[in-house]
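Notes follow the structure.
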Amino acid sequence: MATDSSRIKQLEEEGDVAADYLEGLLDIADFDGDIDIDVEHGRASVSVFCEDDDNRQLSTLVGRDGEVLDALQELTRLAVQTKTGERSRLMVDIANFRADLKSQLQEQGREAIETMRKDNLNEYEFESMNPFERKVLHDVAAAEGLASESAGVEPDRYVVYSFASAAASEEDSVTEEA
C-alpha cells in the first residue's frame, strides 16, 4: 500500500511541476488558460483549457494535427525530469484536443471491429499513427476481446486488429521456437 501511495505522490508532484511550467509558458505568451491536474492510468495528466470555452487562443498551442502539443508535451516532460530527476510519462492536453481525439479514435476502433465482423475479415490495418493514438486503439481492441499489434517502423507504425486471441498468438510463438 505504501508503494501505491508513494507512487501517487510522485505522480502528483509531476503534475504540479508540469502545471508550474505550463503556467509560466502561458504567462510568457500572454494566453489565458486554466490548468487541471489529474492522475489517471498510472500517469500524471495536465489539461490546459479556457473556462469560457473560447479555446481559439489556446488552439495555437495545439498546432496542425497536434504537432505543437506533442512538442510542448516533450518539453514539459523534460522540465519535470529536470526537477524530479525521474523520467516522466506525463500527458498534456490543451483545449481538449487529446480528449476529443481519443473519443474519435475509440469510435474508429469500434467501427473497424464492426466492419471486420460484418465483412468476415480476419484482420484490419489502420493508417500510421503516433504512440498515443495507437494506445487508444489497442485499448479498444482489448476491451472487445480482439488481438492487436503495432506494425511498421516509426514514424509509420500502425495498428493491426485480428480475431486471433492472445493465447493463440502466444502458443504459435512457442511452436515456432520448438
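The values are calculated or read from the model by the stated rules, or taken from the named source; none is laboratory data. Worth saying up front: this structure is predicted, and the values here are computed from it rather than measured. Note that each Cβ is placed from the backbone with ideal geometry, even for glycine, and that neighbours are counted across all protein chains shown.
Key figures for this structure:
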{"item": "Gly24 being on the phi > 0 side of the Ramachandran plot, outside the structural domain of Ser162 (by TED's automatic domain parsing) and part of a helix (DSSP H, G or I)", "result": "no"}
{"item": "Checking Lys83 against (1) over 18 Å from Phe31 (Cβ atoms); (2) assigned to a loop (DSSP other than H, G, I, E, B); (3) in the same structural domain as Asp38 (by TED's automatic domain parsing), the condition it does not meet", "result": "(2)"}
{"item": "Among the residues listed as Ala95, Ala99, the single one being within 21 Å of Asn55 (Cβ to Cβ), in contact (Cβ under 8 Å) with a residue 40 or more places away in the chain and touching a Cys at 6+ places or on another chain (Cβ under 8 Å)", "result": "Ala95"}
{"item": "Verdict on Ala151 being within 14 Å of Leu22 (Cβ to Cβ), small (Gly, Ala, Ser) and modelled with pLDDT of 95 or more", "result": "no"}
{"item": "Residue that is surrounded by the most Cβ atoms within 10 Å (Cβ to Cβ) [pool: residues in the stretch 81-134 that are basic (Lys, Arg) and touching a strand residue (DSSP E or B) at 6+ places or on another chain (Cβ under 6 Å)]", "result": "Arg134"}
{"item": "Only one of Leu137, Leu69 that is in a helix (DSSP H, G or I), in contact with a Phe, Trp or Tyr (Cβ under 7 Å, 6 or more places away or on another chain), assigned by TED's automatic domain parsing to the domain that holds Ala18 and surrounded by 16 or more Cβ atoms within 10 Å (Cβ to Cβ)", "result": "Leu69"}
{"item": "Some residue of the stretch 27-43 being assigned to a helix (DSSP H, G or I), at pLDDT 90 or above and within 24 Å of Asp100 (Cβ to Cβ)", "result": "yes"}
